[in-house]
Amino acid sequence: METYITKLLYIFFTALGMIVGGTLIGALSSVLTGHGPFRTMINLAADLKIWAAVAAIGGSFTSLQALETGLLEGQLTTVVKQLAFIFTAFAGAHIGYLLVMSIAGGRP
């Protein structure tokens with residue numbers, strides 16, 4: 001059974017890994033097609049940011065459904081946990097974005 005902190009770490013590093021991995025593989029494809037890899041990395045990092053966060057929390061509908069249930073049934077703990085999961089996913093995606101920007105030489 002995974003703990004709350006463990007799940008937060010999974011979400012954070014999944015979002016971060018999706019940004020870093022997606023941009024590195026995308027840069028490889030740009031090298032194969034003769035385009036500039038750094039410009040491709042910068043563009044991909046910006047484009048993948050929201051998708052990495054959504055995928056890291058397991059899809060937006062389950063999280064939104066849990067938020068709705070928590071709000072309507074007065075379960076404040078559920079609401080706080082879901083908001084923490086969403087915040088952690090966005091934080092991981094943003095840290096990945098900043099990492100890619102520093103590697104590619106772009107401006108965050």
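The values are calculated or read from the model by the stated rules, or taken from the named source; none is laboratory data. This one's a predicted model, so the numbers in the text were calculated from it and none came from an experiment. Glycine also receives a Cβ, built like all others from the backbone with ideal geometry; neighbour counts cover every protein chain displayed. Keep in mind that these areas ignore ligands, DNA and RNA; they rest on the heavy atoms of the full protein, side chains included. Shrake-Rupley method; radii C 1.70, N 1.55, O 1.52, S 1.80 Å.
State whether the residues of the stretch 38-46 include one that is closer than 21 Å to Gly105 by Cβ, in contact (Cβ under 8 Å) with a residue 24 or more places away in the chain and among the β-branched types (Val, Ile, Thr).
yes
Checking the structure you have, find out if any residue of the stretch 36-48 is basic (Lys, Arg) and farther than 16 Å from Ile95 by Cα. Show your work before the answer.
Of the residues in the stretch 36-48, the ones basic (Lys, Arg) are 39.
Adding the requirement that they be farther than 16 Å from Ile95 by Cα leaves 39.
Checked against the condition, which is being basic (Lys, Arg) and farther than 16 Å from Ile95 by Cα, the stretch 36-48 yields at least one hit.
Would you please name the residue that is modelled with the highest pLDDT, looking only at residues in the stretch 2-60 that are at positive phi and open to solvent by 30 Å² or more (accessible area, probe 1.4 Å)?
The first filter runs over the stretch 2-60 and keeps only residues at positive phi, leaving 34, 58-59.
Going one step further and asking which of them are open to solvent by 30 Å² or more (accessible area, probe 1.4 Å), we end up with 34, 58.
Details: Gly34: 87, Gly58: 81.
Per the criteria, the residue is Gly34.
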